[in-house]
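The values are calculated or read from the model by the stated rules, or taken from the named source; none is laboratory data. In this text the structure is predicted, and so the values were computed from the model without any measurement. With ideal geometry, Cβ positions are generated from the backbone for all residues, glycine too; neighbour counts draw on all protein chains shown.
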Protein chains: 2
Amino acid sequence: MNIIEGGVTSAQGFRAAGICAGIKKDRKDMAMLYSEVPCTLAGTFTSNLVKASPVIWDMDIVQKNGKAQACVMNSGVANACTGAQGDEYCRQSAQEAADALGLKSEDVLLASTGVIGMQIPIDKICAGIRTMSGMLSDLPQAGSDAAEAIMTTDTVRKEAAVTFELGGKKVTLGGMTKGAGMIHPQMGTMLCFLTTDAAISHEMAQKALLSCVQDSFNMISVDGDQSTNDTCVLFANGLAGNEMITKEDADFEIFREALSLITKNLARRMAADGEGAHALFEVTVKGALAREQAVTLAKAVIESSLVKTAIAGHDANWGRIICAMGYSGAQFDQQKVDLTFRSRAGEVLIARDGVSTGYSEQLATEILSEDEITAIIDIKEGSETATAWGCDLTHEYITINADYRS
Amino acid sequence: MNIIEGGVTSAQGFRAAGICAGIKKDRKDMAMLYSEVPCTLAGTFTSNLVKASPVIWDMDIVQKNGKAQACVMNSGVANACTGAQGDEYCRQSAQEAADALGLKSEDVLLASTGVIGMQIPIDKICAGIRTMSGMLSDLPQAGSDAAEAIMTTDTVRKEAAVTFELGGKKVTLGGMTKGAGMIHPQMGTMLCFLTTDAAISHEMAQKALLSCVQDSFNMISVDGDQSTNDTCVLFANGLAGNEMITKEDADFEIFREALSLITKNLARRMAADGEGAHALFEVTVKGALAREQAVTLAKAVIESSLVKTAIAGHDANWGRIICAMGYSGAQFDQQKVDLTFRSRAGEVLIARDGVSTGYSEQLATEILSEDEITAIIDIKEGSETATAWGCDLTHEYITINADYRS
């Protein structure tokens, strides 16, 4: 399994484009993804009761048809809380793309991200669709343009790709994602588009996607706010020529492993690029009796505002970690907890059996001053483990979100 | 029912003190509360699995004895995550106070707040107890000194008192509270000490306290972090001479109303003084079918980091409010939601039936620039209502918490 440079255009038969359509000022704000042949589809969406119009559009297609051939994305406006008008704009956008690409409107997925409560500028959206349909390309740059166009407060593009073999055939899987705020572990909390030339059935693709999202996007948090627009879709066009995956066999496992590699890679990068973040904060809980217990504890720690601000201050205020575990709802014995901080600068055991080890504050501060920090929490009850990813909470988060619409 | 200037020394027979014991630098950090006669006790404590040693000490006394006569508090160190040593220091502190005041150690409650994971400086604590036991006073200033000594990142003292009549007898109820960070609605999330000269049984006092805490301290949030040290206790010494309240009669209702007045007053002030807060943010959800539904929705809105930063930026980014309601877990129909912002500067209907009214952004910004802001959310399904209190999320929250121990 080889990680390669690439993204949504790495797999055979996928083309993309990303342009400035004038929704945002002087920044790319529309993207298109297209496959030469129809794709099997898997998708998972926000569990927020309030769903954006494009989310409702896509859920319907994934559930009823399980296939699609193109996707139109915009950033700047979320098309959420926009009523019947927002739904109508979805129909118009999909029809415009279908006409331009020679498809039916139900072959076209839609995704929006940005301000909630505003209508999308439908004329600019339709003009952008016409422009992009004439410039689709399978070059890496086209994938990067698309990845850039879906960014909102993201500071870096997030793309990844991997190649592997299925029954002697070379298969490629690539993806792009966006998301820096309104990020919370519950479903794939962001926009994520994955493309592969593997041949796989809708059922197996859906199963692989749900399983991988649990351990990747559902294990990150930036601010505890779960978006109205979360969308994670996988397009599989079968052009690799492998024998179609239709059951949980060895090929399925290889495919799932590749998908897990890409989704974890993208998820980690989302956490590291959390709004205002200076550091990626990884929390591993081990020694749990049950996986769910480890997940609950790890998530509570990465979600705590007080833990996140302590990390921002390079302050080993470890009591806040034990405190967050305490209100998580999961059971554990405080008197068994060992806590270690680790980074490029070294490793230090902070607490043993629930009390301070009398560690060196200077060493702890050095370790916490790096831009990738890991906390390892051993609750010494069993052998289950979970890892979650978050980031520090800094002044820039406030600046970004207090003035988001200005 | 008359709100009066006052606090924990307003009711007959209560004395207090607050001093600099040297735990913190040049700031009051220890307080003592004492009643001339034994008190009936009611108390409610953190539901965090990780409980500080003094919380475990107090819970035991409230449950087993239901009475006490004094309380020793310190700020600076929380005595949480301190193992057997922390428990031993509790026993020593209570014994020191009992010896100085002529009581038994089980008549003395303890409360600590501050950094988690450090041992309390037991010698300073014991010296402070001896000093305070010689300077207890029933003057208002003594109550204020105590209220100041329990502050951590609080910027203002929080005291309140009320007088009312029970069967022709004048009764007084007063209280003090602290809390600005690690504040989250779940039990009385902070330290709160209430004193009254009413005669009331332990069962009725406990019932009144639990009911009032639900609608006051459990409806505020600063940062979603629930403390290890939350303590709310009510001392009732009976010196008002009213007929003992032993059942849910008219006197009980008057007493509960007075207690509700004081707990809501103190809770609002805690939210307004949230770490780094520039504005009190009150959210009322009305038109709910069930009270629990209204509570869940109101809490989700005051807890959202994105809503809180929008308030900090005086930005009517109302979609974030609907979004937070959407992930709260409570049911509602997005297409029925009306949202109004109100403050001293006026009132504006932002959304009707789930979509924007095309309101004036300038007026909305003026309204959101005040230091007390109310959002009224009508979900138009029934007649149940709930109100929650929070604050904006500002740069100062980050500054305070990134450098808390420095």
Meets criteria (out of contact with any His (no Cβ under 7 Å at 6 or more places or on another chain), at pLDDT 90 or above and either within 9 Å of another protein chain (Cβ to nearest Cβ) or crowded, with 24+ Cβ neighbours inside 10 Å (or both)) for B:G313
yes
Among the candidates A:A271, A:A294, residue that is of a type in the set (G, A, S), out of contact with any helix residue (DSSP H, G or I) (no Cβ under 9 Å at 6 or more places or on another chain) and more than 11 Å from chain B (Cβ to nearest Cβ)
A:A294
State which residue is farthest from B:V337 (Cα to Cα) when the search covers only the stretch B:377-393 and only residues that are touching a Phe, Trp or Tyr at 6+ places or on another chain (Cβ under 8 Å) and modelled with pLDDT of 95 or more.
B:E381
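Okay, residues lined up against (1) within 30 Å of A:G86 (Cα to Cα); (2) among the polar types (S, T, N, Q); (3) surrounded by fewer than 15 Cβ atoms within 10 Å (Cβ to Cβ); (4) in contact with a Lys or Arg (Cβ under 8 Å, 6 or more places away or on another chain):
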| position | (1), (2), (3), (4) |
| --- | --- |
| B:Y327 | yes, no, no, no |
| B:S343 | no, yes, no, no |
| B:T374 | yes, yes, no, yes |
| B:I379 | yes, no, no, yes |
Checking B:N74 against (1) assigned to a strand (DSSP E or B); (2) away from chain A (no Cβ under 14 Å); (3) surrounded by fewer than 24 Cβ atoms within 10 Å (Cβ to Cβ); (4) of a type outside the set (A, V, I, L, M), only one condition comes out false. Which one?
(3)
Counting only residues in the stretch B:27-47 that are part of a loop (DSSP other than H, G, I, E, B) and touching an Asp or Glu at 6+ places or on another chain (Cβ under 7 Å), the one nearest to B:L209 (Cα to Cα) is identified as B:T46
Could you tell me whether any residue of the stretch B:384-406 is over 31 Å from the mean Cα position of the chain (by Cα) and basic (K, R)?
no
Of the conditions (1) more than 11 Å from chain A (Cβ to nearest Cβ); (2) under 18 Å from B:I321 (Cα atoms); (3) modelled with pLDDT under 95; (4) surrounded by fewer than 17 Cβ atoms within 10 Å (Cβ to Cβ), B:T357 clears all except one; give me its number.
(1)
In the stretch A:153-181, what residues are within 20 Å of A:W389 (Cα to Cα) and of a type in the set (V, I, T)?
A:T153, A:T155, A:V156, A:T177
Of the residues in the stretch A:321-351, those that are out of contact with any helix residue (DSSP H, G or I) (no Cβ under 8 Å at 6 or more places or on another chain) and closer than 23 Å to B:K51 by Cα come to A:D333, A:K336, A:D338, A:T340, A:L349
Do the conditions hold for A:A80, that is, is it crowded, with 24+ Cβ neighbours inside 10 Å and within 17 Å of A:G128 (Cβ to Cβ)?
no
If you take the residues in the stretch A:51-71 that are in a strand (DSSP E or B) and of a type outside the set (S, T, N, Q), which one is nearest to the other protein chains (Cβ to nearest Cβ)?
A:C71
Among the numbered criteria (1) under 24 Å from A:G329 (Cβ atoms); (2) within 14 Å of chain A (Cβ to nearest Cβ); (3) touching a residue at least 60 places away in the same chain (Cβ under 8 Å), which single criterion is violated by B:N218?
(3)
Which is touching a Ser or Thr at 6+ places or on another chain (Cβ under 9 Å), on the phi > 0 side of the Ramachandran plot and more than 10 Å from chain B (Cβ to nearest Cβ), of A:G329, A:G287?
A:G287
I'd like to verify a number: residues in the stretch A:24-50 that are among the small types (G, A, S), surrounded by 24 or more Cβ atoms within 10 Å (Cβ to Cβ) and within 14 Å of another protein chain (Cβ to nearest Cβ), how many?
0
Scanning the stretch A:385-406 for residues that are in contact with a Ser or Thr (Cβ under 6 Å, 6 or more places away or on another chain) and under 21 Å from A:T153 (Cβ atoms), the one farthest from the other protein chains (Cβ to nearest Cβ) turns out to be A:G390
Looking at the stretch A:77-91, which of the residues that are outside any strand (DSSP E or B) and touching a residue at least 40 places away in the same chain (Cβ under 8 Å) is farthest from the other protein chains (Cβ to nearest Cβ)?
A:N79
Restricting attention to the stretch A:11-34, report how many residues are at pLDDT below 95 and of a type in the set (S, T, Y).
0
Qualifying residue in the stretch A:48-56 (condition: charged (D, E, K, R) and at pLDDT 95 or above):
no
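Checking the condition more than 10 Å from every other protein chain (Cβ to nearest Cβ) and farther than 15 Å from B:T385 by Cα, which residue from B:L363, B:L306 passes?
Answer to the check: B:L363.
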Of the criteria (1) within 14 Å of another protein chain (Cβ to nearest Cβ); (2) in contact with a Leu (Cβ under 6 Å, 6 or more places away or on another chain), which one B:V115 fails:
(2)
Test B:T296 against the stated conditions and say whether it is modelled with pLDDT under 95, β-branched (V, I, T), surrounded by fewer than 23 Cβ atoms within 10 Å (Cβ to Cβ) and not assigned by TED's automatic domain parsing to the domain that holds B:N265.
yes
Just to be sure, is A:N229 in contact with a Gly (Cβ under 6 Å, 6 or more places away or on another chain), farther than 23 Å from A:S328 by Cα and not charged (D, E, K, R)?
no
